[in-house]
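Below is one structure, written out as structure tokens, with a few remarks after it.
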Amino acid sequence: MTFQIILLVAMLAASAFAILAKDLLKAAVALAVSSLILGIIFFRMGAPYAGVFEISVVAGLITVLFMLTIALTKQGDDVRESKTVKIIFPLFFIVFALIDLFVMRGILARIPALEGAAEAGTFGEVLWKERSFDLIGQLAVILAGVLSVLALFRKRDRHDHE
Amino acid sequence: MIFLYIGLPLAVSAVLPLVGKASKRVLPDILANAALAGLLVYAATGARALLAQGPIVQQVRWLGEAVNIRIALDGFSLFMLMAIQLVSLCVGLYSINYMEHYGAKANYYALLLVMVAGMNGLVLSQDLFSVYIFLEVAAVASYALVAYGLGAEELEASFKYLMLSVVASAAVLTAIAILYGMTGALGFDGVAAGLRLLEANTVTGIAAALFLMGFGLKAALIPFHAWLPDAHPSAPAPISAILSGLLIKVSGVYAIARIFYHVLGLTPALSQILMWLGAVSIVVAAFLALGQSDMKRMLAYSSISQVGYVVLGIGIGTPLGVAGGLFHLLNHALAKGLLFLTSGSVQQATGTRNLDEMGGLAKRMPWTAGTNLIGALSISGVPPLGGFWSKLIIIIALIQSGEAALAVIAVLASVLTLWYYLIMQRKAFFGKLAERWVKVKEAPFWMTAASVLLALLVIGVGLWFATVFSTWIQPAADSLAKGF
Amino acid sequence: MIMNEWVIYLLFAAGMFFLGLYCLLTMRNLIKLFIGIEIIGKGVSLILLSTGWARRSIFLAQSLVVTYIVIEVSLVAVALAVIINLYRTNQSLDIRSLTRLKG
């Protein structure tokens, strides 16, 4: 468990770096590292499929898309972030962490839970049989994404509406 | 086959881009609108017959094996399906003309159909997580549709909408995780049963608050409304119509109603919170609408205000209140859809949305002006149009429950609503015909046809409100009140 | 004890939410805002998986997380498409240049 906590802290740190970094490429790498760590956390919880998905899709695919966007918007690097924001950040974070710890302590015994039945079957069976409706949803959302990208990057003719 | 509601739009939308390559104009239009019309007919006739035997649970079979797709149709879902198909069809017809010069019409129709499929899936789901998935399906489609014109204004609106929606999704998923953690179930029945056994009021309260935050943002309740006044005006008119008329209600109000009634259980505290949230939305948005000079922005604030009425009605908790809220949902969907469509006609004819620049358009665009007037009167609660009856029912329900203060607020806000709509009518349509508008023409055929169709529906619902009430609204309210 | 460990995961997930929200509220670069969206997404995945893990139904949890990640990818694709288009129109990634709408 302690190793998990170390990993969690590392994930938070990488994410914080991604937010505060000035260089967008460094931020992208930090975000990918954060995803990688989350994937490892998933593995160690006994969730290999989620871990694989997290690493290959979020740390992989999304980072690639991200880099692509950075490349296409090269001049946008000159956006100056407010310095004060970066300085007050640790302060806010510490306040938040204290409140968070306090709340979690209080919750510790409070959330009642029903005993559950043991899980049957394999991951494949659960995904395909029990959550089949979700798969339709996934198809639909992928379709929506593809159509959206096609629509947003369409060729615009001369006489287009502004 | 209830699954058709999700399957048909998705299948057609997958095919549309290819069809669009072959035929730029006619075929995509026909295909898309035929699909919507077919679903509407099915909802109006076939599904009702099925329902007479009690709520339907459908177990879909795929290649012989029973796949676990449980979708269920009860009075409430059927009512929402009707509303969705009705307004979507009119929007689809309207888009035949309006989206001409936006380009890639087939792609637009495909996105529209995906959004309809998402909304249909949402109202048919029996499972918390499925509700979330279809909410996202409709939302992702809507981001692209808002930004469809690719102008600076719409892209900005779309991005802000997107950012806020992500926060809403996170809130909803956290609430779902909490409920799942407690009860070990994701289906409505399972969670409801589990919560009854557990009686964990504080944690359920936290989950309820998170749900309110998330779905409240989708429904644009104050104080979660910030995205709507930017997104709805910048979107193309038919999209504004479907967003204001349907999406905020399906992904916002329907979800709140379904979850608060069937899963969490409506406690007196929750009821009060819903009612006051609704009341705040009604009043604040009405005042904000008064000061607007942008026609579509005024309509957007009006949407926030009217959704407040719906939430107020649903929050009362009595059968009459719920029925009133649902009736107002229908009236607003029809009327606001109509208003946005006609505002699009005006925008296309004159090139502006600024009310101060318009004037006397009724002389040149009589159909648009007439239908717009009907929509405005209905929302303002002028008899005998639909809006009057639904507001009356809500007010009566409020008085019956002893909520005199809220009843007074509802009445006064209604007067405010009438006031700003009359301002819009006067500035845009009546008065002297300004010089520059002497040459404008009435809107093209399909746009006018769609507006007229909606206007007829608005009038019809008003005149025959008793029938509409007993056939559609009462079963919906009943199924909501008694639990599934 | 699983309950205690679950609360630790919740703690950190809340931390991710805080980071993401902080980013959305204070950053000006559109791409940084997008990073905020991503971080919130990670927080959500963590909450979903850890809740399923705490209930010992790790397969269901993974199904939910996988589905959520797929949704997230679509969202990212659309968001980046909007950002790229915004850059092309405004020649800037600064959110302060998006002042056309008053909200």
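Computed from the coordinates by the stated procedures, all read-outs in this text should not be read as laboratory data. A quick note: this is a predicted structure, and the numbers were derived from the prediction, not measured. Cβ atoms come from the backbone with ideal geometry, glycine included; neighbour counts cover every protein chain shown.
Roughly how many whole Å is it from the C-alpha centroid of the range B:157-223 to that of the range B:90-108? Measuring centre to centre over Cα atoms gives 35 Å. Kirkwood radius, chain B, all distinct C-alpha pairs, inverse of mean reciprocal distance: 22.2 Å. The alpha-carbon of B:K363 sits under 18 angstrom from the alpha-carbons of these lysines, leaving out residues fewer than 8 places away in its chain: B:K427, B:K432, B:K439, B:K441.
Apply the a/c threshold of 1.5 to the C-alpha gyration tensor of the range C:2-96 and tell me whether it is rounded, prolate or oblate. Please report the intermediate quantities before stating the final value.
Numbers: a/c = 7.41, a/b = 1.98, b/c = 3.74.
Taking the square roots of the gyration eigenvalues as a ≥ b ≥ c, the range C:2-96 is oblate.
Only the Cβ atoms of Lys and Arg (+1) and of Asp and Glu (-1) were treated as charged; on that basis the dipole of the protein assembly as shown about its Cα centre amounts to roughly 1400 debye. When you restrict to C-alpha pairs under 8 Å that are six or more residues apart and normalise by the size of chain B, the relative contact order lands at 16 percent. Measuring between their Cα centroids, the range B:362-393 and the range B:276-324 lie 17 Å from each other. Taking label positions 7 Å along the Cα-Cβ direction at both B:S23 and A:S82, the computed distance is 5.6 nm, reported to one decimal. Just name one of B:L31, B:A404, B:A170: the one whose Cα is farthest towards the positive end of the charge dipole of the protein assembly as shown (beta-carbon charges, Lys/Arg +1, Asp/Glu -1). Of the options given, the answer is B:L31. For the range B:270-484, build the charge dipole from Cβ charges (+1 Lys, Arg; -1 Asp, Glu) around the Cα centre, then report which of B:V284, B:W419, B:G387 sits farthest towards its positive end. The residue sitting farthest along the positive end of the dipole is B:W419. Overall shape: prolate for the range B:431-484, with the ratio a/c of the largest to smallest alpha carbon gyration tensor axis at 1.5 or above and a/b above b/c.
The modelled label-to-label distance between A:L150 and B:V41, using points 7 Å beyond Cα along the C-beta direction, is 2.7 nm. Look at the dipole of the protein assembly as shown built from charges on Cβ: of B:W437, A:A140, C:I71, the Cα furthest out on the positive end belongs to B:W437. The Kirkwood radius of the protein assembly as shown, taken over pairs of alpha-carbon atoms, gives through the Stokes-Einstein law at 10 °C and 1.306 mPa s a diffusion coefficient of 61 µm² s⁻¹.
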